[in-house]
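First comes the structure, then the notes that go with it.
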Amino acid sequence: MLAGYARGIFPMAESAVDPRLYWFDPPRRGVLPVGGIHASRSLRRDLRRGGWSAHLDGNFEQVVDACAARPETWINAPLRALYSDLHRQGHAAAIEIRHDGQFAGGLFGVTAGAAFFGESMVSARTNGSKMALIWLSSHLRRCGFTLFDAQFITPHLARMGGREISRLDYRRRLTQALALKADIHAQRPLSADQLWQEITQTS
């Protein structure tokens, strides 16, 4: 798995019931800003109202299971086991978002060098996945990461600052990121008030 990511490719399954894995190497690659994710006014207002919090690796399996719990998913049992193995080895992490103490959303991915390879995100309530994106982007910057891989860009990600780059440009950025060291556990996620102050200054 890690060797594949280092080459710029990533695995997916056809469905949850198909045990086979397929490697993908799209000609255009989606990336997100490391720090500086665009937060809309309504999202900033929601954050300001309070009740939100972020927790790093509080429950990695819960986040992965929530991401896979949809009618159509590319996360099959072999991938689920591989992500758990990578997490135990320190190469996969998840940010869990809670609202008033209840699971609201999250995002998980694989880490190598100063690169974070975002795999999937989920919302259990309105804005849950958006909160995960802005919190994680800020956290990656503070921990020394330089590449936030999103694989594919959706309209939702594009509105928050995601964009497509060429395969060549992606591999150049990947090579640079892999030559660096970053630790996703070097810092604790910001509090909601701290995050609000940060995104208010940058959005």
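We did not get these values from a lab; they are worked out from the coordinates using the rules stated. Just so it is clear, the structure is predicted and the values come from calculations on it, not from any experiment. In this analysis, Cβ positions are derived from the backbone assuming ideal geometry, glycine residues included, and neighbour counts consider all displayed protein chains.
Mean separation of Cα pairs under 8 Å and 6+ residues apart, divided by the residue count of segment 102-180: what relative contact order is that in percent?
Result for segment 102-180 is 33 percent.
For Ser191 and Gln89, FRET efficiency with R0 = 25 Å and r from the beta-carbon atoms, rounded to 0.05?
In this case the efficiency is close to 0.30.
Find, among the GluC sites (Glu not before Pro) in segment 8-83, those assigned to loop by DSSP (not H, G, I, E, B) with at most 16 other beta-carbon atoms within 10 angstrom.
Answer by residue number: Glu14, Glu72.
In degrees, nearest 10, range 0 to 90: what is the angle between the Cα axis of helix 128-142 and the longest Cα principal axis of the chain?
Value to nearest ten degrees: 80.
From the backbone phi of segment 6-21, what are the Karplus-calculated ³J(HN,Hα) couplings (6.51 cos²θ - 1.76 cosθ + 1.60, θ = phi - 60°) in whole Hz, Gly and Pro given as x?
5, 8, x, 10, 8, x, 8, 9, 5, 6, 5, 8, 8, x, 7, 10
With only alpha-carbon atoms in the gyration tensor, what are the semi-axes of the equivalent ellipsoid for segment 94-203, in Å, largest first?
23, 16, 13
Can you give the calculated 222 nm mean residue ellipticity of the chain, where each DSSP H run of n ≥ 4 adds -39,500 (n - 2.57) and the sum is split over every residue, rounded to the nearest 500 deg cm²/dmol?
-11000 deg cm²/dmol
Pick out, from Trp52, Ile199, Ala6, the residue whose Cα sits farthest towards the positive end of the charge dipole of the chain, with +1 on the Cβ of Lys and Arg and -1 on the Cβ of Asp and Glu.
Ile199
What list of ³J(HN,Hα) couplings, whole Hz, do you get for segment 66-76 from phi and the Karplus terms 6.51, -1.76, 1.60, once you set θ to phi - 60° and write x for glycine and proline?
Residue by residue, segment 66-76 yields 5, 5, 7, 7, 9, x, 10, 9, 9, 8, 9 Hz.
I need Met12, Met160 ordered by Cβ neighbour count within 10 Å, fewest first.
Starting with the residue having the fewest Cβ neighbours, the order is Met12, Met160.
Amide H to amide H under 5 Å from Ala104: which residues, 5+ apart in sequence or cross-chain, H placed 1.01 Å off N in plane?
Ile97, Arg98, His99
Relative to the longest principal Cα axis of the chain, at what angle does helix 192-202 sit, 0 to 90 degrees, rounded to 10?
The answer is roughly 80 degrees.
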